[in-house]
1. Using a 1.4 Å probe, what is the accessible area per residue for segment 218-300, in Å²?
2. For Ser347, Ser440, give the ranking by accessible area with the largest first, probe 1.4 Å.
3. Let me check I've understood the local charge: for Ile115, count other residues with C-beta under 10 angstrom from its C-beta, Lys and Arg +1, Asp and Glu -1. What total comes out?
4. Can you run the Rg to Rh ratio on segment 36-110? Use alpha carbon positions and the Kirkwood inverse-distance Rh.
5. For segment 189-293, what's the radius of gyration and Dmax over Cα atoms, in angstrom?
6. Looking at the P(r) of segment 378-419, how many percent of alpha-carbon pairs lie beyond 18 Å?
7. Hey, can you grab everything whose amide H is under 5 Å from the amide H of Ala405? Only 5+ residues off in sequence or another chain; H modelled, so Pro and N-termini drop out.
8. Where does the charge balance sit around Val254 when Lys and Arg score +1, Asp and Glu -1, over other residues with C-beta under 13 Å from its C-beta?
Amino acid sequence: MRLSRTLPRSLAGQLFAMQALLVATVVAGCAFFAYASGRAQAEETADRQVRAAALAMAGSPSVREAIRTPDPSAVLQPYAERVRADTGITFVTIMDPDRVRWTHPHPSEIGRTFIGNTAPALRGETFTETYTGTLGPSIRVVTPIRDGDRIVGLVSAGITVDRVSTQVREQLGALGMAAGAALALGGLGTYVINARLRRHTHGMNARELGRMHDYHEATLHAVREGLLMLDGQRRIALINDAGRELLGLTHGSVGRKIDELALPAPLTGALLASEPRVDEVHLTADRVIVVNTSPVVGGEKRGTVVTLRDHTELQALSGELDSERGFTLALRSQAHEAANRLHTVVSLIELNRVGEAVEFATAELELAQVLTDRVVGAVAEPVLAALLLGKAAQANERGVELVLAQDSLIDDGALPCSLPPRDLVTILGNLIDNAVDAASEAVTGDAGSSVPARRDATRALVTVTALAEGGELLLRVADTGGGIGPDDAEEVFRRGWTTHGTGRGQGLALVRQAVHRNGGTVTLDRGPAGGAEFTVRLPLAGRTAKAATA
């Protein structure tokens, strides 16, 4: 036998049932209250109505005159019936002090004894009571008829309880129709609201929504990529831990607009764009990130989903690969040049000119050894020393001389472990590459460059200063190129700025990023030889407080 499992009612269904029950309870309570209030009001109205009629008749002079006649019923019966018909009450009974009726709606009851209490009226009081008489239970008022100081008769006017109940039932019918309309309207409104809620919750119940929320939170914290969700007003609706780290945001960023977060202008523009963005590379203060955006599809402006990937290390590896390729080309050229020099030495020996061969070989060795000894003696940091030697070989192949300034000095162990060697390679390597390009173009007038050749340039020179003292590392690179104008002093650090055409312009942007990441500063000035001079200062005690809290 197959057992069917009853699925839990959806959240919308549960809310509909609860709201329908609530509306029905409220309407029923209001109906009961209105019924009780209406009945009390009807009884109060009946009491006022019969009291007014009884008092009016008891105070009428014609009634007192009729009582003095030998046959009071002959005059009072038509009068009482006329009053009863005009006022709409059930009965009007006029009697003598001994309770013998002079009037009654049923003429056969005239002359008989009044059924009810009269003692308070005989004492001169007007009172109300509910009593069962010949016409059934009634709300009646009994009042005395005075002729001077004497009580000459009594008047009793009343309305039967059945008539009051009939009036209440008529009111209750109208009230029931209004209550039914209110219930139907409330039910319809509840259904419409819950139908919309059902669409938004996709028919899931509270347990399923709670489970989905738990999965959602776990996924957000587990995913390594940055995830950012923007609402229709471009406010951050959701962001995971990786997204906050990549953008450098705090935990209070949810609910803030994108243009209030002080992000780089190109990145802000990409996040605010209405069209999708695919694999766009952007720079923040510390990272290179790849941005993808996709609008949320719907009938209204619902927002944008943004994914962020950290491209920093890949970009650094790409730069290192470019450097390695340059080193390879330089070594290949040096190998070719060394072969030529070796052939020259061999040929001089074959020509029996041994002295000239030794002198030629020694001179070449001395030229190569001078820079090596200078770098190794001044820079004890192996990464920087190797970088300087490699860049010197590259510069030499392009006809540029790389010189280490005389005041350069970095002792062994002067650089802390908190200063990554990769960032040092990124900073100094890119600065030297740009300086070599500028110095070479100033002499040769590279056709692909916007910088014309300098007529007064006698040689292409790049001067590097590397000094660790006073709690900071100073790296300065100056060239003999054409320099950079004041208007471009800030733009040179923007990603994509270059004078070498498309596909370039990453180096200086990465320099500033690496410097900022390590709490340092980078400035651009005019060098002693008229070219550009970049100065980088990095704290040796780790990141500064400002950088650490940025």
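The values are calculated or read from the model by the stated rules, or taken from the named source; none is laboratory data. Because the structure is predicted, anything quoted here is derived from the model rather than measured. Don't worry about glycine lacking a Cβ; one is built from the backbone with ideal geometry, like all the others, and counts go over all protein chains shown. Protein only, heavy atoms only, side chains kept; ligands, DNA and RNA dropped before computing areas. Shrake-Rupley method; radii C 1.70, N 1.55, O 1.52, S 1.80 Å.
1. Working: 4230 Å² over 83 residues.
That works out to 51 Å² for each residue.
2. Sorted by accessible area, descending: Ser347, Ser440.
3. Charge balance near Ile115 sits at +2.
4. On the way: Rg = 13.8 Å, Rh = 13.2 Å.
Value, to two decimals: 1.04.
5. My reading of the Cα-based Rg and Dmax gives 16.9, 54 Å.
6. Numbers: 304 of 861 pairs.
That tail contains 35 percent of the Cα-Cα pairs.
7. Distant-sequence amide H within range of Ala405: Val464, Thr465, Ala466.
8. Values: positive: Arg235, Arg244, Arg256, Lys257; negative: Asp231, Asp241, Glu260.
For residues surrounding Val254, the net value is +1.
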